[in-house]
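Participant: Below you'll find the structure I mean.
The values are calculated or read from the model by the stated rules, or taken from the named source; none is laboratory data. None of these values were measured; they are calculated from a predicted model. Backbone-built Cβ (ideal geometry, glycine too); neighbour counts: all protein chains shown. Just the protein is used for accessible areas: all its heavy atoms, side chains included, with ligands, DNA and RNA removed. Shrake-Rupley method; radii C 1.70, N 1.55, O 1.52, S 1.80 Å.
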Amino acid sequence: MHIEENTLSIEDRLANEEIIELGDPLTDEYRDLLCGIIQFTANSEFMGAFTEREWIPRAPSYQRKLALIAKNQDEIGHAQMQYQLAENLGRDREEMLTSLLAGNTGFGNAFHYPADEWIDIGLLAWMLDGAAMQLQHSLMDTSYGPYARIMRRVCREEEFHIRHGEHIIREYATGSRAKRERLQAGVDRWWPRAVMFFGLSDDQSEKSKRMVELGIKPKSNDELRQQYFDTYVPKLRKYDIEIPDENFYYDDAAEKWQYTAPDWEEFNTIVSGNGPKTQQRLDRRRTAFEDTAWVREAMVAYNEDEKASRFTNSGSINTIN
Amino acid sequence: MTDNTMQAFEVFVQWQRGESHKHTITVTASDTKMALSLAKRNVDVRNEPVSIWVMPQNAIGRTTADDATLTPTIDREYRNVSWYAETGGSP
Amino acid sequence: MSVHCGSDAVEQLLLALADDEFVASQRYAEWVTVGPTMEEDNVLSSIAQDEMGHARLWYEFLEDDQSLDAIGYNRRPDERRNSVLVETEHTDFADTIVINFLYDTAEQQLLETLCAGAHEAIARRANTILTEEIFHREHAEQWLARLVSTAEGRHRLRNAFERLLPRSADLFSFEPAITNQSAELIGIPFDELRDQWFKTVDETIDSLPIEVSDGALAAAGSPPEHNGRTGGHTADLTQLLDSIHAENLPKDHPASGYHA
């Protein structure tokens, strides 16, 4: 007797426009590419918070401080949810953190740079979270269901981050001349980084292309970059901010924005761990990880004690009634 | 490798009275009590949960993707309201 | 907004409570991104926000013509009335948990007396704050029970108690203007409240498998070496206030006045 095989391959499911779930048999390629992007987005959330933490003590008002703490709480929460997702796919959290600290897995280019001024914090939240949001929003349609579900909450919370950033931008854009100058100087610094944030063009990135084919990444790097311009160019103009790229314009014939090709050499140098702040931030995280190792060890020991005592009190295990 | 012996807990939140608990996040904790405490501040804190359940991930039984017994295979159209509408109630 | 709440003594007591919350919050917030686990990181951020929110509830009673930022940010160390316990730098997670336990135990007792007090608006706010403080107490107690599970945890926790018990001596050492009015303010003498606090602390430490010296315990119940309640702070507060004041802010920023 032949029982019909009920299991579809990933390709079959994708062809049926089905969502992939945890119990499905995943190919190594799918799992590796998926875990790769999850680790990248998780690392970016985590290191983004590292960039902003320096300003938590110094946030210039009561309201700003509360918003900044809340924002960073969200970012750590996003990192937690995404690392946990990779754990459910068989990765080990401690190994993922170790690999981040060793520079073996990357994170967003923006978080390798210093945030020396308060306006940098506004711009990170408005322009860079805004860039990340293009990717996160598209990931709500990723082929991997559990990742898509997390992205729905992530996007809801990122919307608040962008509003918080824009509130700071508006304060500067409508403030004193000194503030307006600081704002423009800030955009001059962060604009090229935002353009690069989306990564290499599709024709240059084999991996990105494959992720699009497998539905892991619903939109390509270039699509996301163009979408970002669509959203942010009007916003920048609204605040009288100049786009610091003399070759930037909308090409009616090609129906897309044209811009100066980013300095990919700088990009590669930065994201491979040689940014001005990369090592300092990773060192801080390493120290924190080591200094709190005893806490995690105590948690484990407590759990073992508790399990041991549960087994001696027979009958009290896992009962609901 | 301390994390290996910490446990993952699935967190289920009832967001509104009258609704069922819904799977929300997973937290890693030492034990059930701490998992509950952590869950209180790790779920979406912009909404107010009515109740939270946590459960060790390894205590959950799950079906596999190739489980052929998930649903009966023979059509049970007579259990659906629509069948009666289509046939106009005739036997 | 300005709420007049009766007497100077009430305002001074509320200012001390607000300063406790404000300063405690800054210390909790220092854990953001460097907590022992990401889950716990989020809990500490959440507690930091709670404490900032509590400080705001009390500052709002006292604002008069000053803005929240002016009263929260732009006061010098000797103008602040928080306990030196909460300004203490957290050098280890054990410090955080011990401060969390010692301070929130005291705060819970103070709030409970305020809830039972005659001033309705104060009682209402105290009750709102108390609800969140229950979680803070739960947090401290859960961690105390877990951190003693290893020899290193017991050692670190003991050291934290040795260092921090003497710094908790000023928790109830308010200015005479406040203590003289204790019957009207909280219904019982502050000394009696301190005794209740000490009993809870002593019993909790006793229940843990750690040996805390009699000297450290005695110091918690003795006149304080530094009394933050009368403006006698430690270098830790200066360090904390320096860290919250950025020097390169444009002049029209609320917090830029501190350096002016």
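Participant: Would you mind getting me the FRET efficiency between residue C:218 and residue C:8? Use the beta-carbon distance for r and R0 = 45 Å, nearest 0.05.
Facilitator: 0.85
Participant: What does the average come to when, for each residue of peptide A:81-90, you count the partner chain Cβ atoms lying within 10 Å of its Cβ?
Facilitator: For this peptide, the per-residue mean of nearby foreign Cβ atoms is 3.
Participant: Which angle between 0 and 90 degrees, to the nearest 10, do you get for helix A:177-197 versus the longest principal axis of chain A when only C-alpha atoms count?
Facilitator: Helix A:177-197 and the main axis of chain A meet at about 50 degrees.
Participant: Post the alpha-carbon centroid distance, the range B:24-68 to the range A:159-193, in whole angstrom.
Facilitator: That distance is 39 Å.
Participant: Where nothing but the Cβ of Lys and Arg (+1) and of Asp and Glu (-1) is charged, how large is the charge dipole of chain A around its Cα centre, in debye to the nearest 20?
Facilitator: About 1540 debye.
Participant: Same structure, new question: Helix-only mean residue ellipticity at 222 nm, the protein assembly as shown, DSSP H runs n ≥ 4 weighted -39,500 (n - 2.57), per residue, nearest 500. What is it?
Facilitator: Helices in the protein assembly as shown give a 222 nm mean residue ellipticity of -18500 deg cm²/dmol.
Participant: Could you tell me which residue out of A:121, A:40, A:221 lies farthest along the dipole of the range A:10-273 toward its positive end? Charges go on the beta carbon: Lys and Arg +1, Asp and Glu -1, centred on the Cα centre.
Facilitator: A:121
Participant: Less than 9 Å Cβ to Cβ from residue C:31, Lys/Arg counted +1 and Asp/Glu -1: what total charge do the surrounding residues give?
Facilitator: Taking every Cβ under 9 Å from that of residue C:31, the sum is -2.
Participant: Quick one: grab the alpha carbon gyration tensor of the protein assembly as shown, order the square roots of its eigenvalues as a ≥ b ≥ c, and give me rounded if a/c is under 1.5, else prolate or oblate depending on whether a/b is larger than b/c.
Facilitator: Taking the square roots of the gyration eigenvalues as a ≥ b ≥ c, the protein assembly as shown is oblate.
Participant: If you put +1 on each Lys and Arg Cβ and -1 on each Asp and Glu Cβ, how big is the dipole of chain C around its Cα centre, in Debye rounded to 20?
Facilitator: 180
Participant: I'd like the residues of the range B:21-45 whose 1.4 Å-probe accessible area shrinks by no less than 50 Å² going from the isolated chain to the full set of protein chains.
Facilitator: B:26, B:28, B:30, B:31, B:34, B:37, B:38, B:41, B:42, B:44
Participant: Please label the shape of chain C as rounded, prolate or oblate, based on the square roots a ≥ b ≥ c of the eigenvalues of the alpha-carbon gyration tensor (a/c under 1.5 means rounded; beyond that, a/b larger than b/c means prolate, else oblate).
Facilitator: Oblate, because a/c is 1.5 or more while a/b does not exceed b/c.
Participant: Could you work out the mean count of beta carbons from other protein chains within 10 Å of each residue's beta carbon in B:65-72?
Facilitator: The shielding value for this peptide is 4.
Participant: Let me know the charge dipole size of the protein assembly as shown about its Cα centre in debye, to the nearest 20, where only the beta-carbon of Lys, Arg (+1) and Asp, Glu (-1) is charged.
Facilitator: So the dipole magnitude of the protein assembly as shown works out to roughly 440 debye.
Participant: I want to verify a result. In a Gaussian network model of chain C, Cα cutoff 10 Å, which of these has the top mean-square fluctuation: C:58, C:197, C:143?
Facilitator: The residue that fluctuates most here is C:143.
Participant: Now for a separate question. With r defined as the distance between the Cβ atoms of residue B:20 and residue C:180 and R0 fixed at 60 Å, what FRET efficiency is calculated, to the nearest 0.05?
Facilitator: 0.55
Participant: OK, next. Semi-axes of chain A's equivalent ellipsoid from the Cα gyration tensor, sqrt of 5 times each eigenvalue, largest first, rounded to whole Å?
Facilitator: 37, 28, 18
Participant: Roughly how many whole Å is it from the C-alpha centroid of the range A:199-260 to that of the range C:18-69?
Facilitator: The two parts, judged by their Cα centres, are 40 Å apart.
Participant: For the range C:58-115, with every protein chain kept in place, what is the accessible area per residue (1.4 Å probe, Å²)?
Facilitator: Solvent-accessible surface per residue comes out at 26 Å².
Participant: Over 20 Å between C-alpha atoms is what I'm after, so list which of A:307/B:33; A:179/A:235; A:71/B:40; A:71/A:238 land there.
Facilitator: In this structure, A:71/A:238 lie more than 20 Å apart at Cα.
Participant: Please give the helix A:145-173 orientation as an angle from the longest Cα principal axis of chain A, in degrees from 0 to 90, rounded to the nearest 10.
Facilitator: Around 30 degrees separate the two axes.
Participant: Right, another one. Mind checking the mean number of beta-carbon atoms from other chains within 10 Å of the Cβ atoms in C:143-149?
Facilitator: Taking the mean over all residues of the peptide, I get 6.
Participant: Another question about this same structure. How big is the C/A interface in buried accessible area, both sides summed, 1.4 Å probe, to the nearest 100 Å²?
Facilitator: Buried surface at the C/A interface: approximately 4000 Å².
Participant: Hey, in the GNM for chain C with a 10 angstrom Cα cutoff, which one of C:50, C:19, C:92 fluctuates hardest?
Facilitator: Sorting by GNM fluctuation, first place goes to C:92.
Participant: With a 1.4 Å probe and all protein chains left in place, how much of the accessible area of the protein assembly as shown comes from carbon and sulfur atoms, in whole percent?
Facilitator: Using a 1.4 Å probe with all protein chains present, the protein assembly as shown comes out at 49 percent carbon and sulfur.
Participant: Note the full-extension length gain between residue A:15 and residue A:286 as 0.36 nm times their separation in residues minus their Cα-Cα distance, in nm to one decimal.
Facilitator: 93.2 nm
Participant: Cα to Cα, under 27 Å, and not fewer than 8 places away if on the same chain: which lysines meet these conditions relative to residue A:209?
Facilitator: Within the straight-line limit of under 27 Å, residue A:209 reaches these lysines: A:217, A:219, A:256.
Participant: If the elastic network links every pair of Cα atoms under 10 Å, which of C:22, C:93, C:172 fluctuates the most in the Gaussian network model of chain C?
Facilitator: Checking each option, the largest mean-square fluctuation is seen for C:93.
Participant: Shifting gears a bit: What angle do you read, to the nearest 10 degrees and between 0 and 90, between the alpha-carbon axis of helix A:293-312 and the longest principal axis of chain A?
Facilitator: 30
Participant: Still on this model: If Lys and Arg each add +1 and Asp and Glu each add -1, what is the summed charge of the other residues whose beta carbon sits under 10 Å from the beta carbon of residue C:160?
Facilitator: 0
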